[in-house]
Amino acid sequence: MKPSLAELNAVELELLGILWADSPMKPAEIEAALSRKMENATLRSILRGLVEKEYLKRERVGKAYFYSPARKASSVRRRITDRLASVFADGSRLGLIAQLIADEKLTPEQVKELQKLADRD
């Protein structure tokens, strides 16, 4: 059984975000893009874990390993959204969106932007 994408922690999600934006990358390049300081050994351990969970692919080129996403951002986002919807909105994505909107104080410009998104085909 493959692990649930909702089980990703904040650091793992940040690493995926970095690699969705620019990949493949070596660990040193990923480390430079991180928002926090992390020991190289810790980073490599997390990267190995993401490979084992099938979120990342690793390719050896010479002596270096290059990492890239094994899953599309849209797939991860969809699975995490479904998990949030199941917890907060009885499984309804629309219900989750409605709750998020209700929790925000939207400006008229933001309401117009949401209306544009709702009106597109």
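Figures for the structure shown
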read-out	value
Filter pass, ALA85 being in the same structural domain as LEU114 (by TED's automatic domain parsing) and either closer than 30 Å to ALA118 by Cα or hydrophobic (A, V, I, L, M, F, W, C) (or both)	yes
Residue within the range 43-53 that is in contact (Cβ under 8 Å) with a residue 24 or more places away in the chain and among the basic types (Lys, Arg) present	yes
Check on ARG77, on the phi < 0 side of the Ramachandran plot, part of a loop (DSSP other than H, G, I, E, B) and under 13 Å from the mean Cα position of the chain (by Cα)	no
Of all residues in the range 80-121 being of a type in the set (Lys, Arg) and part of a helix (DSSP H, G or I), the one that is nearest to GLU54 (Cα to Cα)	ARG83
Selection status of ARG36, closer than 15 Å to GLU14 by Cα, at pLDDT below 95 and among the charged types (D, E, K, R)	yes
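The values are calculated or read from the model by the stated rules, or taken from the named source; none is laboratory data. Only a predicted model underlies this, so the values are computations on that prediction, with no experimental measurement involved. For neighbour counting, all protein chains shown are included, and Cβ atoms are generated from backbone atoms with ideal geometry for every residue, glycine included.
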